[in-house]
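Data block below; observations after.
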Amino acid sequence: MTRFIVERSFEPPLTRDELSEVERRMAPCLELYGVRWLRSFWSEDRRRMVCEYEAADAASVRSVQHEAGARFERVWPADVLEAG
């Protein structure tokens, strides 16, 4: 499995309720496409977000985003760099 980063931006800023709704719609899509959500980072102003997923390919990650109606700008494969 490969790690993928999904970049998002929001104008106006995303609300907690909007995020919860996207998460609700996304849950069955993740299972359907065999994608595992690992973590997300949300900017303090709620205008930017990056999400990390694990999947067989980028097409599966994109399909999850499209079917869940989750806005995104790009998906790219990533390697993890750890401290030390």
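The numbers here are math on the coordinates, done by the rules we state, and not lab data. Please read these numbers as outputs of a predicted model, since none were measured by experiment. For neighbour counting, all protein chains shown are included, and Cβ atoms are generated from backbone atoms with ideal geometry for every residue, glycine included.
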| Options Ser60, Ser43; residue that is of a type in the set (S, T, N, Q), crowded, with 17+ Cβ neighbours inside 10 Å and either within 18 Å of Ser20 (Cα to Cα) or touching a residue at least 12 places away in the same chain (Cβ under 8 Å) (or both) | Ser60
| field | Positions within the stretch 8-37 being in contact (Cβ under 8 Å) with a residue 24 or more places away in the chain, hydrophobic (A, V, I, L, M, F, W, C) and touching a Leu at 6+ places or on another chain (Cβ under 9 Å), in sequence order | value | Val22
| query | If you scan the stretch 67-83, which residues turn out to be over 11 Å from the mean Cα position of the chain (by Cα) and part of a helix (DSSP H, G or I)? | reply | Glu67
| request: Just give me the residues in the stretch 6-17 being of a type outside the set (Gly, Ala, Ser), within 14 Å of the chain's Cα centre (by Cα) and surrounded by fewer than 16 Cβ atoms within 10 Å (Cβ to Cβ), in sequence order. | output: Glu7
| note | Checked the stretch 1-55 for anything of a type in the set (A, V, I, L, M) and closer than 17 Å to Pro77 by Cβ; matches are Met1, Ile5, Val6, Val35, Leu38, Val50, Ala55
| field | Count - residues of the stretch 18-40 that are surrounded by 15 or more Cβ atoms within 10 Å (Cβ to Cβ) and over 9 Å from the mean Cα position of the chain (by Cα) | value | 7
